[in-house]
1. According to the Kirkwood expression over distinct Cα-Cα pairs, how big is the hydrodynamic radius of region 348-460, in Å?
2. How large is the Kirkwood hydrodynamic radius of region 11-214, counting all unique pairs of alpha carbons, in Å?
3. Taking the Cα centre of region 465-566 as origin, sum charge times position over the Cβ atoms of Lys and Arg (+1) and Asp and Glu (-1), and report the length of that vector in debye to the nearest 20.
4. Could you tell me the largest-minus-smallest coordinate of the C-alpha atoms of region 145-219 on each of the three principal axes, in descending order and whole angstroms?
5. Quick check on the chain: of the DSSP beta bridges with both residues there, what percent are antiparallel, nearest 5%?
6. To the nearest 20 debye, what is the magnitude of the charge dipole of the chain about its Cα centre, counting +1 on the Cβ of each Lys and Arg and -1 on the Cβ of each Asp and Glu?
7. Given the convex hull of the Cα atoms of region 439-567, what is a quarter of its surface area in nm²?
8. Quick one: order Ser430, Ser159, Ser52 by neighbouring beta-carbon count within 10 Å, fewest to most.
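What follows draws every value from the coordinates through simple rules; no lab data is involved. This structure is a prediction, so every number in the text was calculated from the model and none was measured. All Cβ positions, glycine included, derive from the backbone under ideal geometry; neighbour counts span all protein chains shown.
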Amino acid sequence: MTAEKITTITPLVYGKMVNAAAAKLSANAENINKLNVFPVPDGDTGTNMALSMASGAEYERESQDQTVGLLAKATAKGLLMGARGNSGVILSQIFRGMANSMADKNDLSARDMADALMEAAKVAYKSVMKPTEGTILTVIREAAAEADRSASAGDDLPSLMEKTMAAAQKALDSTPDLLPVLKEVGVVDSGGQGLVMVLSGFSEVVLGTFDENNLKAPDNAELDQMVSKLHAGAQADESLNPEDIQFGYCTEIMVDLGVGTTYDQPFDYDKFYNYIADKGDSLLVINDDDVVKVHVHTEDPGSIIHWGTEFGSLRKVKIDNMRDQQQAVIDKQEAEDKAANQEKKQVQAPEMAVFAVASGEGVAKLFDSLGVYKVITGGQTMNPSTKDFVDAIQESGAKKAVILPNNSNIFLAAEQAKDLADVPVAVVKSRSIQQGLTAMLGYNPDASLEDNEASMTEQLATVVSGAVTQAVRETTLKGHDIKKGDWLGMKDGEIVVVGKRLVETAKSLLQEMCDDDSEIVTIIAGKDAKAKEEKALEEAIEEIDEDLEVEVHNGGQDLYPFLLSVE
């Protein structure tokens, strides 16, 4: 049954909007990933935006604040700290702008919402050094402009959100006309599509049409992971006195809906949710047609269990005393702190530390051998968050830090970490593993941060990077007719070779990469590369130029059987 339309955004409504946006992104992440321009298995815009938005929603749920302005601030903070990839960082800036506009608001009118979207667009554009139209920026700008026109015309909140959503969709549909590469492949911008999901969640809550049953229901493993994360976050503060915990029992139930001897009334999500919301905090309610699962912190777990039985038959009940758990956390933390203090006395923090992003055990060892302090796991399919960088820098105790992103989609998260870290940070914009390894040749731990940034950046231009992977779908790009399963050879991020066989594709790619000045070819073999393929590629290099020096390393990376560099 459709709920009534909403004319004022209260704190409760705002929370529903944020969590609806997170749910929409989570359910549609894989489809958004498929909008990747390149048909390679590392399209991760949907995943990045979903994880970033989930972090924002988690912060909002855990906030004890009672005004929209303060809840918006918590949401923006969560998005910033959980931001992954360029799309996630830009989304965090959109919510930062909204929070700025909402700062002193208890509730929001249609005019307030329009002002918030206008500020969101302004902050988002400022966050990008060279704004590109045909992206998520276009979508937020056009949506905000329509919201402003609607508010100025005196429209109520439902009408404003309906028009804003229509403008966002129209802007998304126009992105192929603004970015030729999108038109060539026949897709809309993936980041813009993600933002449309966010705005649709907002709009559906206001219009009373949001239906969580129409989303992809997370499987038990995914739900359990979310619950565990929420639970761990609630008890991770070792400074909290157990007696200060307001709601002491972590209660989880799972109910088979509409069955059993206690079944008394049909399931209504809002009614079910609102009753439990009055009984505690840290509430999570997820359901499909047959089952509802609940996680809540409460002082009265019996009432939660009884409420569940009115809608069906209990399948699972789990109750933990968080005051006892909190005391265990304190005891454990005290022991760890004591051990850490002893270790700190023995190990001096580095004056300067380099942090590189990479995946694959062999690749990590290569960076380690060149003097990298810590390799942060990530790359093509899982970009590190801003918080990952900030935490790594703080844990190192270093007085200065250098970040090697090794992927252009990590640049913005690294730059955000630079602004948030308590020590000076330089971001050397390496676009690939190969560039990152080469940049380390310019690193001198005894030099200044500024000199290291300059010399390491200078090294980036001395290497040509190549990668070989398989197409995951059919498309046409840059004159190449690509079939699913074809091998793709990419030179500095651009597809230059398409082939049916791995070694032949890698050989053709190397021919594109080498010139008369080339001296050294480095092969980094992935975990799926076979020894005979490595040998065949070495022999192919000798055929290209017998004077070329060849180095082979076992990188162990996923997705890319061969990473190649030419210097």
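1. 13.4
2. Across region 11-214, the inverse of the average 1/r is 16.5 Å.
3. 980
4. Computed over region 145-219, the largest-to-smallest principal extents equal 42, 40, 12 Å.
5. If we restrict to bridges inside the chain, about 75 percent are antiparallel.
6. Here the chain has a charge dipole of around 880 debye.
7. 9.1
8. Lowest to highest Cβ neighbour count: Ser159, Ser430, Ser52.
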